[in-house]
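Have a look at the structure below before the remarks.
The values are calculated or read from the model by the stated rules, or taken from the named source; none is laboratory data. Since we're looking at a predicted model, the values are computed, not measured. We place every Cβ from the backbone using ideal geometry, glycine too, and count neighbours over all the protein chains shown. Remember, those area values only see protein heavy atoms, side chains included, never the ligands or the DNA or RNA. Shrake-Rupley method; radii C 1.70, N 1.55, O 1.52, S 1.80 Å.
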Amino acid sequence: VDESWYQQLLSVHYDARDYPAASHLLEAMTQRFPERKSYWLQLSHVYRILKDDARSLAVWELAYQQDLLNDERELVDLAGYYLYMDMPHKAGKLLQEALADGRVSQTAKHWRLLSDAWQSAREVPLARKALERAAALTNEPGLYLRLAELSAQTNDWSAVLQAVDRALHLDGLKHPGRAHILKASAHYHRREYRVAMASFERAREYAAVRDEAQKWLDYLTFETMMAETSPVEY
């Protein structure tokens with residue numbers, strides 16, 4: 001049967017909004033003409049219309065495995081679909097490879113998406129590396145604050161202080177109170193208690209974190225008092 005006949009029948013199904021019939025026809029078309037990327041993508045789209053995300057993603061994966069997806073937008077969309085379907089490891093691996101070989105451009109948006117994927121996969125060191133690239137490309141204070149939060153998860157307090165200071169020195173930081181809390185926490189874990197208390201005092205100026213800062217100050221004040229009143233051992 002000539003390929004154009006398949007295309008004409010597919011148009012009829014689309015016009016009639018008969019998506020189950022369209023899916024069956026497209027399944028046959030992908031088998032008959034496996035090199036036609038458009039048929040794979042249409043089949044995936046029809047499955048999404050039918051609310052069958054599992055099959056939709058499976059079709060997209062088959063197209064990717066056959067090297068039919070070479071457009072940047074298609075690769076990024078596939079990574080986003082992986083994230084939507086709670087498959088962050090696959091999203092991270094896909095984006096990491098595509099960024100490395102140039103199929104996906106090294107923009108802040110794409111590095112941030114990669115960071116999101118690795119963070120969802122609980123690969124914090126990889127998420128940090130990707131976010132560092134995104135932050136360096138944009139100098140966006142919010143990205144440096146997020147980088148500080150990721151660094152805190154790995155107890156890298158020096159990196160926390162470096163990222164927080166960068167965030168605080170840039171214009172447009174939306175959550176300065178959170179930045180001061182992170183800075184104070186980093187100093188606390190480095191046993192720099194006086195500096196930590198000064199940072200918590202600064203954080204207390206912001207309503208969003210005032211209660212949290214006060215609890216820390218109360219705790220540090222109590223600890224200081226106990227240390228000063230503890231008996232001397234001979």
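Go through segment 24-38 and count every residue that is touching a residue at least 12 places away in the same chain (Cβ under 8 Å) and in a loop (DSSP other than H, G, I, E, B). Going through segment 24-38 one residue at a time, the tally reaches 3.
Residue pairs whose Cβ atoms lie under 6 Å apart, separated by 6 or more positions or on different chains, with the first residue in segment 1-19 and touching a residue at least 24 places away in the same chain (Cβ under 8 Å) and the second open to solvent by 60 Å² or more (accessible area, probe 1.4 Å) and assigned to a helix (DSSP H, G or I), are Y19/I49. Please verify whether A134 is crowded, with 18+ Cβ neighbours inside 10 Å, in contact with a Ser or Thr (Cβ under 7 Å, 6 or more places away or on another chain) and within 27 Å of R178 (Cβ to Cβ), treating the condition exactly as stated. Yes; evaluated as a whole, the condition is true for this residue.
Of the residues examined, L41 is one that is part of a helix (DSSP H, G or I) and at negative phi.
Note on segment 65-82: among residues that are open to solvent by 50 Å² or more (accessible area, probe 1.4 Å) and in contact (Cβ under 8 Å) with a residue 12 or more places away in the chain, the one that is farthest from the chain's Cα centre (by Cα) is Q66. Residues considered: R122, R194, R146. Of these, the only one that is open to solvent by 20 Å² or more (accessible area, probe 1.4 Å) and at positive phi is R122. Of all residues in segment 18-41, those satisfying the criterion of being open to solvent by 70 Å² or more (accessible area, probe 1.4 Å) and within 36 Å of the chain's Cα centre (by Cα) are H24, Q31, E35, R36. Here the condition is being small (G, A, S) and either within 30 Å of D156 (Cα to Cα) or open to solvent by 80 Å² or more (accessible area, probe 1.4 Å) (or both); of S115, S44, it holds for S115 alone.
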